[in-house]
């Protein structure tokens with residue numbers, strides 16, 4: 001009995017996902033079909049189709065899993081400790097200094113290697 005329910009839920013999930021894909025494709029096709037209307041109306045219609053497709057997809061088991069993942073990610077983002085303005089400025093300054101040092105090193109290496117190649121090839 002449980003296996004039958006599992007297959008039915010799986011078939012329903014598959015049907016919901018296919019329906020969401022069809023709605024999404026129809027909304028995109030509608031955007032290109034209704035060229036007589038303004039772009040704003042066409043974009044709003046397509047966005048409405050995307051929202052409807054997402055709502056349909058979120059009714060499936062996969063959609064519910066994805067939504068719980070999004071909710072968990074939001075919870076983790078709230079727990080995160082963000083750097084202060086001072087820490088951000090110090091880190092940025094440190095990165096800029098190291099980039100400049102590395103750029104000067106690569107420039108000097110290019111000059112030395114260019115000079116060495118000139119000497120080796122005799123094109124002075």
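Full extension of the chain between residue 44 and residue 106 gives 17.2 nm of extra length, using 0.36 nm per residue less the Cα-Cα distance.
Would the range 7-67 count as rounded, prolate or oblate if I go by the C-alpha gyration tensor, calling it rounded below 1.5 in a/c and otherwise prolate when a/b exceeds b/c, oblate otherwise?
Here the range 7-67 falls in the prolate category.
Is the C-alpha gyration tensor of the range 50-122 telling us rounded, prolate or oblate? Criteria: a/c under 1.5 is rounded; beyond that, a/b larger than b/c is prolate, otherwise oblate. Note, shape of the range 50-122 comes out oblate. Taking label points 7 Å from Cα along the Cα-to-Cβ direction, residue 25 and residue 58 give a separation of 2.4 nm. Comparing the chain with the 2.2 N^0.38 Å rule of thumb, its C-alpha radius of gyration ratio is 2.10 (two decimals).
Hydrodynamic estimate: the Kirkwood radius of the range 83-124 over Cα pairs, inserted into Stokes-Einstein at 4 °C and 1.567 mPa s, corresponds to D of 103 µm²/s. Taking the chain as a Gaussian network of alpha-carbon nodes connected by springs under 10 Å, the highest mean-square fluctuation of the residues 14, 35, 65 belongs to 35.
Laboratory data are not the source of any read-out in this text; all were calculated from the coordinates shown. Since the structure is predicted, the reported quantities are computational estimates derived from the model, not experimental observations. Note that each Cβ is placed from the backbone with ideal geometry, even for glycine, and that neighbours are counted across all protein chains shown.
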